[in-house]
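The values are calculated or read from the model by the stated rules, or taken from the named source; none is laboratory data. Keep in mind that this is a model prediction, so the values were computed, not measured. Positions of Cβ are generated from backbone atoms using ideal geometry, with glycine treated the same way; all protein chains shown enter the neighbour counts.
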């Protein structure tokens, strides 16, 4: 009898959540009105273009961003800015880099809900998953911040009282290629170890526009000394040539 009652009520139970699902489709009025390129500590329009792209909200189909894709000159300029910032960042001690990465992690942690909402609107994943993604971002920054101060070379004892040693030195600029399904998360995962090791990190997006990795650059935009640590260049699928 209990089983029959449950089976009889099943169609009603399945229909009941529908109004809530429809209500969940309303995601607000978020749109992107500022440039998506980021270099030199500020949002900027690309100096040259290779086309335009439009970003749609998967849940509703509405347009949330229309932006200009970066051309070859803009990419080169971003790299030159990154090299200039590297000269300063590479001279920081591990403890100094640790402190700055912890500051970035703190800002992301405090803005978890804001970033997760934008991630959901732009990407289409659930807010539950988006919050987990953002949590892994600030945790990643904290982890590599803890390693930054421990990076060191080795002392090697040689015969006859001689010795040798190794020294770990940052080499230059790293470029991270972003993916459509985890743009903010991958930007953090790629930049954290690079910055901890004293390198400059440049994020390159090729498949479709992502407005939400930009909050990752904001922790250093409040300090002109570190404003060039991260750069971001959205490009269209046809760039680089031959790709």
Of the conditions (1) at negative phi; (2) at pLDDT 90 or above, the single one that residue 161 does not satisfy is (1)
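Results for (1) out of contact with any helix residue (DSSP H, G or I) (no Cβ under 8 Å at 6 or more places or on another chain); (2) touching a residue at least 40 places away in the same chain (Cβ under 8 Å); (3) over 15 Å from residue 181 (Cα atoms); (4) part of a helix (DSSP H, G or I), shown as yes or no for each residue.
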position	(1), (2), (3), (4)
100	no, yes, yes, yes
104	no, yes, yes, yes
107	no, yes, yes, yes
117	no, yes, no, yes
120	no, yes, no, yes
129	yes, no, no, yes
132	yes, no, no, yes
Which condition breaks for residue 96 when tested against (1) surrounded by fewer than 16 Cβ atoms within 10 Å (Cβ to Cβ); (2) in contact with a helix residue (DSSP H, G or I) (Cβ under 8 Å, 6 or more places away or on another chain); (3) modelled with pLDDT of 90 or more? (2)
Kindly check whether there is at least one residue in the range 122-141 that is surrounded by fewer than 21 Cβ atoms within 10 Å (Cβ to Cβ) and over 30 Å from residue 62 (Cα atoms). yes
The correct count of residues that are in a loop (DSSP other than H, G, I, E, B) and modelled with pLDDT under 90 in the range 173-199 is 6
Residue, surrounded by the most Cβ atoms within 10 Å (Cβ to Cβ), within the range 51-90, restricted to residues that are in a loop (DSSP other than H, G, I, E, B) and without any contact (Cβ under 8 Å) to a residue 12 or more places away in the chain: 62
Given the structure, is residue 142 within 21 Å of the chain's Cα centre (by Cα), modelled with pLDDT under 90 and part of a helix (DSSP H, G or I)? no
For residue 151, are the conditions met, namely being assigned to a loop (DSSP other than H, G, I, E, B), free of Cβ contacts under 8 Å to residues at least 60 places away in the same chain and touching a helix residue (DSSP H, G or I) at 6+ places or on another chain (Cβ under 9 Å)? yes
